[in-house]
Amino acid sequence: MKAIVVTDEAAGTAGMTLAERPEPEPALNDVVVQVHASGFVPTEMAWPSTWTDRLGRDRTPSIPGHELAGVVSALGYGTTGLSVGQRVFGLTDWTRDGTLAEYVAVEARNLAPLPGDVDFTVGASLPISGLTAWQGLFEHGRLQAGQSVLVHGAAGAVGSMVTQLAREFGAYVIGTGRAADRERALDFGTHEFVDLGNEALEDVGGVDLVFDVIGGDIGKRSAGLIRAGGTLVSVVGPTEARPADGLAIDFVVTSDRGQLGEIVRRVRDGRLRTNIGKVADLDDAVAALNPTERVTGKTIIRAHS
């Protein structure tokens, strides 16, 4: 099968190549999925799991990508709950070969059914962005109606999902980003927008929840905005500063079939819009994943049409 492979951590996404790889075999409780569309997170190149297995052994050449939508083509021994020919989407294991390929082996529990009226391209854009937003807001941030939420990178793939879900659950949403992102962030539902290049973050005042996808200095300054009892939620590692009278939580997203179902239900009924910035075929994936200009939103790679 055709797949994108990486062998050199220092080269990052520039080291990607299109190669022929053996088709995966399904292990116990696995399914093999014919990949129709795949998502990719640029920071994957910095994740240890991209380069080593669970025991820390080198696993290159590795196939990156961990989000997919496709059709089940084979079942492993003992696999239940899914059937050959079924449309699925989900989030694959970090330490195994991923989804930038024509086929991928995935634990069945990491996948959810993809309704027939949801396009594969849309399905592949949902797992990391949607689950990250859901888990950060509701599991870790314990969001309540009437609270205020500061969403960094509100026009991005994750931030736009956070904005929409927080709005649905009755929060007041303040988005941040670059000046060029203002209209897009407001379109996804932020009540206010702070241009981090030209406006003072501190002018926001106190908020109940900060959802940080940026880290660094912005993450540090965000800690000072948390009201008593509030939470700073980060997806970019532990925060350097902690709220004086609140919680700081960093987490890594996990697959959850029930939550994937909640997310895709909202896409179907119009409550949730996905944020796709670019779509390319597997043959053109290396160029698409090494853009020469900034892409706002998710890049999706199609392996089978």
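The values are calculated or read from the model by the stated rules, or taken from the named source; none is laboratory data. Quantities reported herein were computed from a predicted structural model and do not represent experimental measurements. A quick note on method: Cβ atoms are made from the backbone with ideal geometry, for glycine too, and the neighbour counts reach across all protein chains shown. Areas reflect the complete protein model, heavy atoms only, side chains present, ligands, DNA and RNA absent. Shrake-Rupley method; radii C 1.70, N 1.55, O 1.52, S 1.80 Å.
Values for this structure:
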{"item": "Any chance LEU289 is modelled with pLDDT of 95 or more and either more than 21 Å from the chain's Cα centre (by Cα) or open to solvent by less than 70 Å² (accessible area, probe 1.4 Å) (or both)", "result": "no"}
{"item": "Some residue of region 86-98 being open to solvent by less than 10 Å² (accessible area, probe 1.4 Å) and at pLDDT below 95", "result": "no"}
{"item": "Residue match in region 243-257 (condition: among the hydroxyl-bearing types (Ser, Thr, Tyr) and more than 27 Å from GLY170 (Cα to Cα))", "result": "no"}
{"item": "Verdict on VAL122 being outside the structural domain of PHE193 (by the TED database), part of a strand (DSSP E or B) and touching a residue at least 24 places away in the same chain (Cβ under 8 Å)", "result": "no"}
{"item": "Some residue of region 261-271 being open to solvent by 30 Å² or more (accessible area, probe 1.4 Å), of a type outside the set (Phe, Trp, Tyr), part of a strand (DSSP E or B) and at pLDDT 95 or above", "result": "no"}
{"item": "Residue satisfying all of: in region 27-46; surrounded by fewer than 24 Cβ atoms within 10 Å (Cβ to Cβ) and of a type in the set (A, V, I, L, M); nearest to the chain's Cα centre (by Cα) among these", "result": "VAL41"}
{"item": "Residue in region 222-242 that is surrounded by the fewest Cβ atoms within 10 Å (Cβ to Cβ), counting only those that are modelled with pLDDT of 95 or more and not in a strand (DSSP E or B)", "result": "GLY224"}
{"item": "Where LEU186 falls short, out of the listed (1) at pLDDT 95 or above; (2) under 30 Å from PRO64 (Cα atoms)", "result": "(2)"}
{"item": "Any hit, region 103-112, residues being under 19 Å from SER305 (Cα atoms), in the same structural domain as ILE276 (by the TED database) and part of a loop (DSSP other than H, G, I, E, B)", "result": "no"}
{"item": "Condition check for LEU68: part of a loop (DSSP other than H, G, I, E, B), closer than 26 Å to SER129 by Cβ, among the hydrophobic types (A, V, I, L, M, F, W, C) and open to solvent by less than 50 Å² (accessible area, probe 1.4 Å)", "result": "no"}
{"item": "All positions within region 174-190 that are without any contact (Cβ under 8 Å) to a residue 60 or more places away in the chain, open to solvent by less than 80 Å² (accessible area, probe 1.4 Å) and not β-branched (Val, Ile, Thr)", "result": "GLY175, GLY177, ALA179, ARG182, ALA185, LEU186, GLY189"}
{"item": "Enumeration of residues in region 21-55 that are closer than 27 Å to LEU82 by Cα, modelled with pLDDT under 95 and either of a type in the set (D, E, K, R) or assigned to a strand (DSSP E or B) (or both)", "result": "ASP53, ARG54"}
{"item": "Answer from ALA166, ALA171 - the residue that is touching a strand residue (DSSP E or B) at 6+ places or on another chain (Cβ under 7 Å) and either open to solvent by 20 Å² or more (accessible area, probe 1.4 Å) or closer than 26 Å to ALA124 by Cα (or both)", "result": "ALA166"}
{"item": "Residues of region 135-148 that turn out to be of a type outside the set (A, V, I, L, M) and open to solvent by less than 30 Å² (accessible area, probe 1.4 Å), as a count", "result": "4"}
{"item": "Residue list for region 149-159, filter: touching a strand residue (DSSP E or B) at 6+ places or on another chain (Cβ under 7 Å) and open to solvent by 10 Å² or more (accessible area, probe 1.4 Å)", "result": "GLY153, ALA157"}
{"item": "Residue in region 247-254 that is aromatic (Phe, Trp, Tyr), outside any helix (DSSP H, G or I) and surrounded by fewer than 22 Cβ atoms within 10 Å (Cβ to Cβ) present", "result": "yes"}
{"item": "Residue selected from region 192-219 under the condition assigned to a loop (DSSP other than H, G, I, E, B) and under 12 Å from GLY177 (Cβ atoms), by the criterion most open to solvent (accessible area, probe 1.4 Å)", "result": "ASN198"}
